Structures are given as structure tokens and as C-alpha cells.
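Structure, as C-alpha cells:
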């Protein structure tokens, strides 16, 4: 059973607002990821982290930023939300101690709508 | 980077029918993972394949690791409405290592008509 949690599940906000999407995991995983997904579409990696104080940009350019101050916590922030940011945001984590542990565990996602 | 092709992109089937989908690539992989994403949820791992030629079942799901190590297939028998969702393949190369970032196929959207 995966123990990775995202809040909020749904968020509707106005343009220009600053928002933070929360992601926490209790599995002690070093690696964490943020994916962006439009309805019924492929998963796009936007940020990842291999451990505390480590963050990298993913394959898809994003105006969001992330931080990794604690192992279990990997929040994503948008300083000024725009309608183009409307999407589902999925957080995931995996082990890193050995090859073959790349299986990702996903949270339930945050569906963001920017008006 | 590697090119990963997943097909079909979408399927509309009647309840009780069998389903088949696949992923192919020009690269060789050491592991194939298959995920399912229910509507409004995050993807969940269904099956993991670790050896070329391996055939693994999980209930009505059967997945195979292609003998060339460049492809994988997922079959669902006797589909039911709760099979609806997006199915993703995610292969891992031999040189993956601990810093490898998992790459996902573009997904197969499955709709089952009761």
C-alpha cells in the first residue's frame, strides 16, 4: 500500500494567485517527482528530486518551482497562477537504494483550475 | 533519447471482450512496468516484468516481456466496466541505475461499454 498524499484534491483559484500544492510520503523514499497531466493525456515530468536539497527541472518546462527541505515533503509552488496552468498535478516517489527500485508510487493528484 | 510507442491510443470495447495493447521501442530494456490510472486518481502499478520472454499474470491481466527486449504487451481478458482507465507502460534500460528517471508511454485510454 502506497503512503503518498497530495492536498488539496481539487483547487479552483483566480488568475494571479500564489498557490502551493502539497505532497508528502511516509515511505522514506529519497526520490520524488511531480508530473503534469491534461485529461486523458500522457504524463509530463516537470520536477524531480533525488534527496534533501536536491531539485531538478523535468522534461516539460514549467513555471512552477519546488523545494525539498525534508525527505518526506516535496511541495510545488506557482507564484502567479494563469489559466494555462489548469491541469492535473501528480506527485510520486520511489526508492533509490538499488537498481530495480524505480517503481513509482503516485498520489491521487491535485486537479487545478485557474479562472 | 529513446523513442517509446504505445498503441492503441484509445479503445472502445463491449463488456466481456478481451483487450490487447503494446509498447515498442528501438531501445533495449531490462524491465517493463505497466501502470493503470483510474479516472481522477494517480497511476497504480499493475505488473512488473524483469526477464525477456517472461509472461506474468495478475488476475485477468497478462503481460509479456518481448523476447527482443524492445517491446511488451498487456492483455485484459473478459473486460468489465471497472477496467476503464488509462494504461501506461514504463520501461527501464539496463543502464538505469539509481538516478534513472522513469519514462512513460503516452497511454492507452480504455472505455468499456456495459
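Brief remarks follow.
- One residue alone among A:65, A:15, A:7, A:86 is modelled with pLDDT of 95 or more and surrounded by fewer than 13 Cβ atoms within 10 Å (Cβ to Cβ), and that residue is A:15.
- Given (1) surrounded by fewer than 16 Cβ atoms within 10 Å (Cβ to Cβ); (2) modelled with pLDDT under 95, number of the condition residue B:48 does not satisfy: (1)
- Entirely in region B:1-56, the strands (runs of 3 or more DSSP E) that have 2 or more residues that are within 26 Å of residue A:58 (Cβ to Cβ) and without any contact (Cβ under 8 Å) to a residue 40 or more places away in the chain: B:44-49
- Listed by position, the strands (runs of 3 or more DSSP E) inside region A:31-115 whose residues that are closer than 16 Å to residue A:20 by Cα and more than 8 Å from chain B (Cβ to nearest Cβ) number at least 3 are A:31-37, A:76-78, A:87-94, A:110-114.
- Neighbours by Cβ (under 8 Å, 6+ apart or cross-chain): first from region A:6-23, over 16 Å from residue A:66 (Cβ atoms); second in a strand (DSSP E or B) and at pLDDT below 95: none
The values are calculated or read from the model by the stated rules, or taken from the named source; none is laboratory data. Just so you know, these numbers come straight off a predicted model, no measurement behind them. Cβ: placed from backbone, ideal geometry, glycine included. Neighbour counts: every protein chain shown.
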